[in-house]
């Protein structure tokens, strides 16, 4: 399969795009949307970064192009469900409404092709820092933005010497014990919420760490992000999920990204 042949899926799940920030990978996301189609597309929160836009307006044409591309998919027949996160919490005032064919909901149950029921939610509701120490969350957001700027220049240097993309910020995050513990606690908490809700699993975002794993008796799926790792979750027509890592096209532009995706049955 060549990159000119679009990937076709039953469902696609995207989160943590952070349009409105300088770290947003709008051009890469446009490429992803151009080469991938789905019957249903879930936007699992933090699509637009309202926090950053409040402190200073940044909205280049490429970010507008992403919005237009998404709406074009709806006009072509795709169902699109928007589950706002903490960075685009302004959209939470519109639960139950539809804009341009995009359904805005707090949470939703997705039924897979093989009959499983999965809770789709951004996940910030279970982040203690976001809920109870908003000032600390803002501080962390500023630090993360600074790390992304460093990461951009770091990878420009790597490309000069012929190396592919490598996320310095993601590597550092996974080397910090507290961050690793937070990710583990978050995953366990979301899995517990799915169990409490009586469903077979959960699909979420928020922590920018893509994963497909089994926790106890439920399936845990995280979309990752489209800023540093540029990941999305795809559901195939048999109900299996896989992580699509779109950054790989920077290193191997001639191959279809599906060839480098991580496939896993959830």
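Here is how the numbers come out for the structure above:
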read-out	value
Among residues of the stretch 96-123, those that are in contact with a helix residue (DSSP H, G or I) (Cβ under 7 Å, 6 or more places away or on another chain), part of a strand (DSSP E or B) and in contact (Cβ under 8 Å) with a residue 24 or more places away in the chain, counted	2
Lone qualifier among 93, 27 - being in contact with a helix residue (DSSP H, G or I) (Cβ under 8 Å, 6 or more places away or on another chain) and in a helix (DSSP H, G or I)	27
Residue count for the stretch 167-222, restricted to those that are modelled with pLDDT of 80 or more, assigned to a helix (DSSP H, G or I) and touching a helix residue (DSSP H, G or I) at 6+ places or on another chain (Cβ under 8 Å)	4
Selection within the stretch 35-54 - more than 18 Å from residue 235 (Cα to Cα), outside any loop (DSSP other than H, G, I, E, B), touching a helix residue (DSSP H, G or I) at 6+ places or on another chain (Cβ under 9 Å) and without any contact (Cβ under 8 Å) to a residue 60 or more places away in the chain	48, 50
Flag if residue 87 is at pLDDT 95 or above and surrounded by 14 or more Cβ atoms within 10 Å (Cβ to Cβ)	no
Positions within the stretch 115-140 being modelled with pLDDT of 95 or more and either surrounded by 13 or more Cβ atoms within 10 Å (Cβ to Cβ) or touching a strand residue (DSSP E or B) at 6+ places or on another chain (Cβ under 6 Å) (or both), in sequence order	116, 117, 118, 119, 120, 121, 122
Those strands (runs of 3 or more DSSP E) lying entirely in the stretch 223-266 with at least 2 residues surrounded by fewer than 23 Cβ atoms within 10 Å (Cβ to Cβ) and modelled with pLDDT under 95	262-264
Residue among 46, 27 that alone is closer than 17 Å to residue 231 by Cβ and surrounded by fewer than 19 Cβ atoms within 10 Å (Cβ to Cβ)	27
Hey, residue 32 in a strand (DSSP E or B) and either more than 16 Å from the chain's Cα centre (by Cα) or at pLDDT 95 or above (or both) or not	no
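The values are calculated or read from the model by the stated rules, or taken from the named source; none is laboratory data. Just so we're clear, the structure is a prediction, and the values are computed from it rather than from any experiment. Backbone-built Cβ (ideal geometry, glycine too); neighbour counts: all protein chains shown.
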